[in-house]
1. State the number of residues belonging to the stretch 86-106 that are outside any helix (DSSP H, G or I) and surrounded by 15 or more Cβ atoms within 10 Å (Cβ to Cβ).
2. Under 7 Å between Cβ atoms, which residue pairs at least 6 apart in sequence (or on different chains) link something in the stretch 48-60 that is within 18 Å of LEU72 (Cα to Cα) with a partner that is among the basic types (Lys, Arg) and outside any helix (DSSP H, G or I)?
3. When residues of the stretch 70-85 are filtered for being surrounded by 22 or more Cβ atoms within 10 Å (Cβ to Cβ) and outside any helix (DSSP H, G or I), how many remain?
4. How many residues does the stretch 30-49 contain that are farther than 23 Å from LEU99 by Cα and either among the aliphatic types (A, V, I, L, M) or part of a strand (DSSP E or B) (or both)?
5. Could you check, for the stretch 29-48, whether at least one of its residues is among the acidic types (Asp, Glu) and at pLDDT below 95?
6. Listed residues LEU18, LEU52; which is touching a Ser or Thr at 6+ places or on another chain (Cβ under 7 Å) and outside any loop (DSSP other than H, G, I, E, B)?
Amino acid sequence: MTATSRIAGTDLSGLDALVVEDDEISAEIMDGMLRALGVRQPRTAATVHEALLSLRKQRPDVVLLDASLKGLVAHRVVEELTETGIPFLVVTGYARDALPAAFKGAPMLSKPVDMPTLANAVLGLLSTKREPAGDSSSRPGRTTGG
């Protein structure tokens, strides 16, 4: 376990994380924090289209999602994540009351985010995995990192 992963009290190695962020600097910062927490290779997507393709190609364990991607609200990504039961965290510069209805119940962090806050939020997501919409069975997932 690295010194930075001790912030959260666990190592996130083995976690498949997808960062959906259109701002290159913000994406690099979140990627770096996830790597420092033990995530080997976070994946990234900068548009709604890229995010949906990535979600369908390989189901991640957790998604960090900006609310606005290239000027488009990412509500279709939120719908896909909710329907499939993939845990996600909205990481945005917008106030919660400025977000569309699809985002209202989602866990949220305000930018800028520090590493301890991000680590604790990801751990919280992993400890309370969601079920796919309309599915009463538990989502199979990795136990690594949570």
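1. Of the stretch 86-106, the ones outside any helix (DSSP H, G or I) are 86-95, 99-100, 104-106.
Those still in the list that are surrounded by 15 or more Cβ atoms within 10 Å (Cβ to Cβ) too: 86-92, 94, 99, 106.
Of the residues in that region, 10 qualify.
2. SER54/ARG43
3. Looking only at that region, the number is 1.
4. Quick first cut of the stretch 30-49, residues farther than 23 Å from LEU99 by Cα only: 31-43.
This time we only want the ones that are either among the aliphatic types (A, V, I, L, M) or part of a strand (DSSP E or B) (or both), so: 33-34, 36-37, 39, 43.
Within the stretch 30-49, residues that are farther than 23 Å from LEU99 by Cα and either among the aliphatic types (A, V, I, L, M) or part of a strand (DSSP E or B) (or both) number 6.
5. Filtering the stretch 29-48 for residues among the acidic types (Asp, Glu) gives 31.
Still in the running and at pLDDT below 95: none.
Within the stretch 29-48, none of the residues are among the acidic types (Asp, Glu) and at pLDDT below 95.
6. LEU18
The values are calculated or read from the model by the stated rules, or taken from the named source; none is laboratory data. Since we're looking at a predicted model, the values are computed, not measured. Neighbour counts run over all protein chains shown; Cβ positions are idealised from the backbone, glycine included.
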